[in-house]
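To start, the structure itself, in structure tokens.
The values are calculated or read from the model by the stated rules, or taken from the named source; none is laboratory data. Keep in mind that this is a model prediction, so the values were computed, not measured. In this analysis, Cβ positions are derived from the backbone assuming ideal geometry, glycine residues included, and neighbour counts consider all displayed protein chains.
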Amino acid sequence: MGPFKVIAWLFIVWYWQEGTGRISLHCDGIQEPIQGIIYIYLYNDATKWNDPQGYFHLYKYNLSAIPGTDFTLENLPYGTYAIRVHIDQDDNGEIDYNLVGQALEQTGFSNNPVKIFSKPTFRDSRFALLKPALKLQIELR
């Protein structure tokens, strides 16, 4: 790679890191009655994806106290992220699973990956925030 390409690449990376953006998140498929606590986990590091405390930011809302299923995640540095959403019906702070490992409570991921025999990975769910505003839709299952 020539010196011009290296300098151009460094400028692009520097430029992206300088900005902050907002994610407008719409959650579809929330089952009636709408109740429980919704957890929105925002990750920015693939190595921390399976760590329960490895999230970049956690947003927590009581579904019975909010007017809808739209959420805004603000003042986020430009970068690569992945989102995991979980509705905690019994307020124990964890996703409950059945004997075969399927979630008993509603969950969803950015990019809405469909995995039958495994959980979605950071790579399956990642997206780039590189502009001031980004709209995402997550289907809860």
Subject >> Which listed residue, of Gln106, Gln102, is surrounded by 16 or more Cβ atoms within 10 Å (Cβ to Cβ) and out of contact with any Ser or Thr (no Cβ under 9 Å at 6 or more places or on another chain) >> reply: Gln106
Original post:
Any idea which residue in the stretch 23-38 is farthest from the chain's Cα centre (by Cα), counting only those that are aliphatic (A, V, I, L, M) and modelled with pLDDT under 95?
Top reply: Ile34
Original post:
Of the residues in the stretch 62-94, how many are surrounded by 13 or more Cβ atoms within 10 Å (Cβ to Cβ), under 15 Å from the mean Cα position of the chain (by Cα) and either assigned to a strand (DSSP E or B) or of a type in the set (Val, Ile, Thr) (or both)?
Top reply: 14
**OP:** Go through the stretch 39-61 residue by residue and tally those that are at pLDDT 95 or above, surrounded by fewer than 18 Cβ atoms within 10 Å (Cβ to Cβ) and aromatic (Phe, Trp, Tyr).
**Re:** 2
Original post:
If you check every pair at least six apart or on different chains, which have Cβ atoms under 6 Å apart with a residue in the stretch 129-140 that is of a type in the set (Asp, Glu) first and a residue that is surrounded by 11 or more Cβ atoms within 10 Å (Cβ to Cβ) and not in a strand (DSSP E or B) second?
Top reply: Glu139/Gly29; Glu139/Asn112
Original post:
Out of all the residues in the stretch 109-130, which are at pLDDT below 95 and loosely packed, with under 12 Cβ neighbours inside 10 Å?
Top reply: Val114, Lys115, Ile116, Phe117, Ser118
Subject >> Residues of the stretch 95-122 that turn out to be aromatic (Phe, Trp, Tyr) and either in contact with a His (Cβ under 9 Å, 6 or more places away or on another chain) or assigned to a strand (DSSP E or B) (or both), as a count >> reply: 2
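One line per residue, one yes/no per condition, for (1) within 20 Å of Pro33 (Cβ to Cβ); (2) touching a Phe, Trp or Tyr at 6+ places or on another chain (Cβ under 6 Å):
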position	(1), (2)
Thr72	no, no
Ala82	no, yes
Glu94	no, no
Val100	no, no
Thr107	yes, no
Asn111	no, no
Lys131	no, no
